[in-house]
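Engineer: The structure is given below, and queries will be raised subsequently.
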Amino acid sequence: MGTEPPPVSEPFVREVITHLNEECGTGFPTFSKAVRKLVAQLLVDGYTIEDIKTVNRWADRNWPRAAPGEKDWRATMLVPSRLYGEKFGEHLGVARGTERVEPDEPWRPSADDLLSGAP
């Protein structure tokens, strides 16, 4: 048995990349073999399409658009190879943590957080 991930269907890749493009204002093609391989590997590893969309939303919020004359970090950070590569699990962990709180609401620990010793 090879180490290559199984082929992933076009609709899954299209959904993920279309979501990335819409969320982040990028323009990645939905037919890239490299992106297809990244998405397939994430699915083989047990991640879901919703997990990938969570990372897309987090990336858009955390790498704001540059003001005129400033370096545009989005151009180097919001690419499928970075978002869906070996650090995807770390991105997802941070993204899930930030999605617990609405931006305008202060964070208040739950009873479970207090009992578990969470900050």
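Just so you know, all these numbers are worked out from the coordinates, no wet-lab data involved. The structure displayed is predicted, hence computed values, not measured ones. Ideal geometry is used to build each Cβ from the backbone, glycine not excepted, and the neighbour counts take in all protein chains shown.
Engineer: Sorted by packing (mean other beta-carbon atoms within 10 Å per residue), highest first, where do 81-91, 33-43 land?
Structural biologist: Working: 81-91: 15.1, 33-43: 18.7.
Sorting 81-91, 33-43 by mean packing, highest first, produces 33-43, 81-91.
Engineer: A further question on this structure: Quick check on the stretch 10-100: what does the Kirkwood estimate of hydrodynamic radius come out to from the alpha carbon pairs, in Å? List each step's numbers first, then the result.
Structural biologist: Working: mean 1/r = 0.0751 Å⁻¹.
Computed over the stretch 10-100, the radius equals 13.3 Å.
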